[in-house]
Amino acid sequence: MKIAFVSPYPPSQVTLNEYGYHLINSFLGKPEVEKIYVLTNYLDDNSQYNKYAQKGIDLIPCWSFNSNFSFMQIARTLKKLKPDVVIFNLQFMTFGEGKIPAALGLLTPWICKLMNVPSMIILHNITETVKLDTIGMANSKLKGDLFLWIGKQLTKLLLKADLVGLTISEYVRIVKEKYNKENVVLLPHGNFDLPERSYIKEPIEEINLMAFGKFGTYKKVEVMLDAIKILEKKYPHQKFTATVAGTDNPNVKGYLEDVKGKYQDMEKVVFTGYVPEEKVESIFKDSTFVIFPYTTTTGSSGILHQAGSYARACILPKIDDLERVVEEEGYGGTYFTPDDAQSLADAVSHLIENPTERKKIEDMNYSAAKGLPMHELAQWYLSHAQQLIVNKSPYAQATVC
């Protein structure tokens, strides 16, 4: 079969680019797959995609992040390619940081329905479980209610896809019950390529607390930096480093520059900027603990799976969705009260003073990372895709473009 993926892809910095890279590459070599197209967003220099070019994958920049016309650009490309099935790698802000382009981009699965192209979505978050004020989407109850209503309408449009996969079992229950739809299934996040087991050198000369992602909304690094100050006082002979790996969330531009100014007195803070795919491994291997400085969550965490792949212990906020994912997928860590530096410092202290427990968590996380490799997840997709193709009539010529 010929498969078209609609997904950000490295070196694009659009959210889910790394997940798209690992998911799409897991389809290579499958006997059922004749051709893979990746419909990704334009870069200032599209030749940068050549760094990630692989035999068997056609990288096709065809839509613009923050454009109101992405759904039309994608539809035109699909009309030319005539794939057997389209797989979308989505969250609600995939197509733009602005609310209008983000929403219009989510029309694309419905357009596929009109074009009679079988379509599947892996949806990484749902509006019903996200605190909109903490991710920069609403700063008042009125706006919150409005965006929840808009989110409901967008979800209805997404559910017009032939199959919608959600990464958390609770999300499947919520969507099925609220929208009375049966084309919703659990498609777990899956684990990235499992590298050779990485061990922390003992004794630990310098403890590196690392946070990874896009910061400024529900991920704020101040709590980690304040925790470092507490730890330095508690352990005056121990060296500590804080690594902030990533960039500003598009909704809070300038956030990390403000943080740099506020914490300029701290000597051992590293701001890496954007981390390209080829440097992700070293970032995780150089860390002692992976810190999740979240105040809420927006779905299953790719960073959790990466921490497991590199056998690192996680320091996690006590948030229902995140705890549920951790437990369901067999990961482990110590917990702290969200946005509480003392609580975070206490969680780190616990593992510093109990190295046997730290090693147990590292083993647990590496073991969990073996649970559902991407290449097995790809087989799930292919089984669903084959059934969708059987159920569909021959490819119809679209009139919507």
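The values are calculated or read from the model by the stated rules, or taken from the named source; none is laboratory data. Quick caveat: nothing in here was measured; it's all calculated off a predicted structure. Cβ atoms come from the backbone with ideal geometry, glycine included; neighbour counts cover every protein chain shown.
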(request) Among the numbered conditions (1) farther than 27 Å from residue 128 by Cβ; (2) in a strand (DSSP E or B); (3) hydroxyl-bearing (Ser, Thr, Tyr), tell me where residue 343 comes up short. (result) (2)
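Whether any residue in region 50-58 is in contact (Cβ under 8 Å) with a residue 60 or more places away in the chain, farther than 24 Å from residue 251 by Cα and in contact with a strand residue (DSSP E or B) (Cβ under 6 Å, 6 or more places away or on another chain) is what I want to check.
Scanning region 50-58, I find no residue that is in contact (Cβ under 8 Å) with a residue 60 or more places away in the chain, farther than 24 Å from residue 251 by Cα and in contact with a strand residue (DSSP E or B) (Cβ under 6 Å, 6 or more places away or on another chain), so the answer is no.
Tell me, please, whether a residue that is aliphatic (A, V, I, L, M), buried (at least 18 other Cβ atoms within 10 Å of the Cβ), touching an Asp or Glu at 6+ places or on another chain (Cβ under 8 Å) and within 25 Å of residue 190 (Cα to Cα) can be found in region 290-301. So that I can check it myself, show each step before the final result.
Let us first name the residues in region 290-301 that are aliphatic (A, V, I, L, M), namely 290-291.
Filter again for buried (at least 18 other Cβ atoms within 10 Å of the Cβ), leaving 290-291.
Those still in the list that are touching an Asp or Glu at 6+ places or on another chain (Cβ under 8 Å) too: none.
Checked against the condition, which is being aliphatic (A, V, I, L, M), buried (at least 18 other Cβ atoms within 10 Å of the Cβ), touching an Asp or Glu at 6+ places or on another chain (Cβ under 8 Å) and within 25 Å of residue 190 (Cα to Cα), region 290-301 yields no hits at all.
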(message) For region 70-83, give me the residue count where each residue is surrounded by fewer than 18 Cβ atoms within 10 Å (Cβ to Cβ), in contact with a strand residue (DSSP E or B) (Cβ under 9 Å, 6 or more places away or on another chain) and free of Cβ contacts under 8 Å to residues at least 24 places away in the same chain.
(response) 0
(message) Which numbered condition in (1) of a type in the set (A, V, I, L, M); (2) within 30 Å of residue 113 (Cβ to Cβ); (3) more than 22 Å from the chain's Cα centre (by Cα) is the only one that residue 158 fails?
(response) (3)
(request) Could you please give the count of residues in region 26-51 that are within 24 Å of residue 373 (Cα to Cα) and buried (at least 20 other Cβ atoms within 10 Å of the Cβ)? (result) 7
(request) Residues being in contact with an Asp or Glu (Cβ under 6 Å, 6 or more places away or on another chain) and farther than 16 Å from residue 314 by Cα: count how many of those fall in region 203-227. (result) 1
(request) Name the single residue, out of those in region 214-247 being more than 25 Å from the chain's Cα centre (by Cα) and part of a loop (DSSP other than H, G, I, E, B), that is surrounded by the most Cβ atoms within 10 Å (Cβ to Cβ). (result) 235
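Conditions (1) in a loop (DSSP other than H, G, I, E, B); (2) within 24 Å of residue 104 (Cα to Cα); (3) modelled with pLDDT of 85 or more; (4) of a type outside the set (A, V, I, L, M), marked per residue:
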site	(1), (2), (3), (4)
154	no, yes, yes, no
157	no, yes, yes, no
165	no, yes, yes, yes
175	no, yes, yes, no
182	yes, no, yes, yes
193	yes, no, no, yes
(request) Return a yes/no flag: does region 301-323 have any residue that is modelled with pLDDT under 90, small (Gly, Ala, Ser), assigned to a loop (DSSP other than H, G, I, E, B) and assigned by TED's automatic domain parsing to the domain that holds residue 246. (result) yes
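Can you tell which of 325, 259 is buried (at least 23 other Cβ atoms within 10 Å of the Cβ), out of contact with any Pro (no Cβ under 7 Å at 6 or more places or on another chain), closer than 30 Å to residue 97 by Cα and among the hydrophobic types (A, V, I, L, M, F, W, C)?
Working: 259 fails: buried (at least 23 other Cβ atoms within 10 Å of the Cβ).
Matching residue, one of 325, 259: 325.
Just to check your reading of the model, which residue among 267, 278 is free of Cβ contacts under 8 Å to residues at least 60 places away in the same chain, part of a loop (DSSP other than H, G, I, E, B) and not hydrophobic (A, V, I, L, M, F, W, C)?
Values: 278 fails: part of a loop (DSSP other than H, G, I, E, B).
Within the list 267, 278, the selection yields 267.
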